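The next block holds one structure in the form of structure tokens; read it before the comments.
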Ligand SMILES: [Zn+2]
């Protein structure tokens, strides 16, 4: 058996089409950098490396962000470190500067001395791409010497840079396909879109929510075109700002949307999906949609702003779709294994578990109430034993060990039941409840509650707990409650409160 050697994907020659008789790509010798729209990454999206020359290089001045004014972006460019940064303009590049909703690439530049430099981001400045090159502390002088205008360098995408870019291309080309279908099939214009950070689904914002049927229709329509393997190409010409843009309509989708106002230097670029869409865009697009199977999340999220409502349609394709499937599958199988059932039974088993939990929570509440009443009955019968003597006050410290989630609620239930039972007896009382967890560590919490028939006595005990034992809490009238942090020992802390309780 022979081995099949697969060549890396290559961009067909017809991908990049100059549709003007006069537009030329400036040659390296001219000292002019290739303008945005016809950069190497835009002529050949699969190109990973290019040898080129430095046109300009300056030390970057960090932008002063006006206080309190933060730009909100769904996709953040890699943050720039505090080390020096060089802003480098090359004659040509494979490192895509952000634009068209597509985030910047990251990459590397190799200089003539063999050193490699990280490109943290690339940005559009006017009509040109500026590379933000990281320089290590103390390397600034040597960096400036190898980035002098005219020096030969190689700009490249490393494997991670390329994988990231491939994901961006997949999502961006998918967005063009989706936007076109939403407009032509459902008359839904794309208000905006976001190429979110992987692995989140990207989204298109449309003016209204969509039904499951509508989403399914768009998905199957898109995948029909994907399976046909429609070709994608780009058309470029000089940007003539005075020329009125005549809207071209293909399948009902109008073209001629605005370019950024500071976009100068002059190339107009249209991305065409064969027979489906023509759209001005500077993004790097795949030459075909043949492996962009689309998955649309079967619901839209409604976004309400001051006076408008719109909805977000989330989508996945390419490597991001595979990642999504993998993690969704992992989640499902791990949940199924916890529930000891097959994956299809997970929803049913989860709803059973939730149901059972609700029932047992109710049972615990009922039993706690019953127990609280029993405890208070015992306490009130204890209280009546010594009653009748002059100056008698029923004083009691009740300590409990309880790992329950609502200890304070349980102690309250006892105190409420107790004060109801004591209401008609006229016996004065002062009760102190403490409740600690079964295993205590230095960070453990002991809940403390004081109830009595005299608010002054309750307050006195509360003040003592605060000042002498460091209990944090407070109260009003006949009730005081608080929390003690640390290990509560009945022999120590318990004895101290017993002593006070007897002598108030
Ligand atoms: Zn685009």
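Annotations for the structure displayed:
- Flag for residue 47 being closer than 19 Å to residue 271 by Cα and modelled with pLDDT of 95 or more: yes
- Residues (within 19 Å of residue 429 (Cα to Cα) and either more than 48 Å from the chain's Cα centre (by Cα) or part of a helix (DSSP H, G or I) (or both)) located in the stretch 478-494: 478, 494
- Annotation note: Cβ proximity below 6 Å between a residue of the stretch 90-102 that is farther than 13 Å from residue 132 by Cβ and not assigned by TED's automatic domain parsing to the domain that holds residue 53 and a residue that is within 16 Å of the ligand (Cβ to nearest atom) and assigned to a strand (DSSP E or B) (sequence gap 6+ or interchain) occurs for no pair.
- Considering each residue of the stretch 264-286 in turn, none proves to be at pLDDT below 75, within 16 Å of the ligand (Cβ to nearest atom) and surrounded by fewer than 17 Cβ atoms within 10 Å (Cβ to Cβ).
- Of the strands (runs of 3 or more DSSP E) lying entirely inside the stretch 107-154, those containing at least 3 residues that are buried (at least 21 other Cβ atoms within 10 Å of the Cβ) and either at pLDDT 95 or above or out of contact with any strand residue (DSSP E or B) (no Cβ under 7 Å at 6 or more places or on another chain) (or both) are 116-125, 128-134.
- Counting the residues of the stretch 75-106 that are more than 16 Å from the ligand (Cβ to nearest atom) and at pLDDT 85 or above gives 13.
- Any chance residue 462 is in a loop (DSSP other than H, G, I, E, B) and assigned by TED's automatic domain parsing to the domain that holds residue 365: no
- Across the stretch 161-205, the number of residues qualifying as more than 13 Å from the ligand (Cβ to nearest atom), more than 20 Å from the chain's Cα centre (by Cα) and farther than 19 Å from residue 291 by Cα comes to 10.
This table checks each residue for (1) crowded, with 16+ Cβ neighbours inside 10 Å; (2) in contact with a helix residue (DSSP H, G or I) (Cβ under 7 Å, 6 or more places away or on another chain); (3) touching a residue at least 12 places away in the same chain (Cβ under 8 Å).
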residue: 343; (1), (2), (3): no, yes, no
residue: 363; (1), (2), (3): no, no, no
residue: 373; (1), (2), (3): yes, yes, yes
residue: 391; (1), (2), (3): no, no, no
residue: 401; (1), (2), (3): no, no, yes
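- Which listed residue, of 310, 304, is crowded, with 17+ Cβ neighbours inside 10 Å and away from the ligand (no atom under 16 Å from the Cβ): 310
- Residue in the stretch 331-341 that is closer than 30 Å to residue 226 by Cα, touching a strand residue (DSSP E or B) at 6+ places or on another chain (Cβ under 6 Å) and modelled with pLDDT of 90 or more present: no
- Boolean, residue 445 is touching a strand residue (DSSP E or B) at 6+ places or on another chain (Cβ under 6 Å), under 26 Å from residue 374 (Cβ atoms) and surrounded by fewer than 17 Cβ atoms within 10 Å (Cβ to Cβ): yes
The values are calculated or read from the model by the stated rules, or taken from the named source; none is laboratory data. All of these numbers come straight from a predicted model, not from anything done at the bench. Cβ sites come from the backbone with ideal geometry, for glycine too, and all protein chains shown count toward neighbours.
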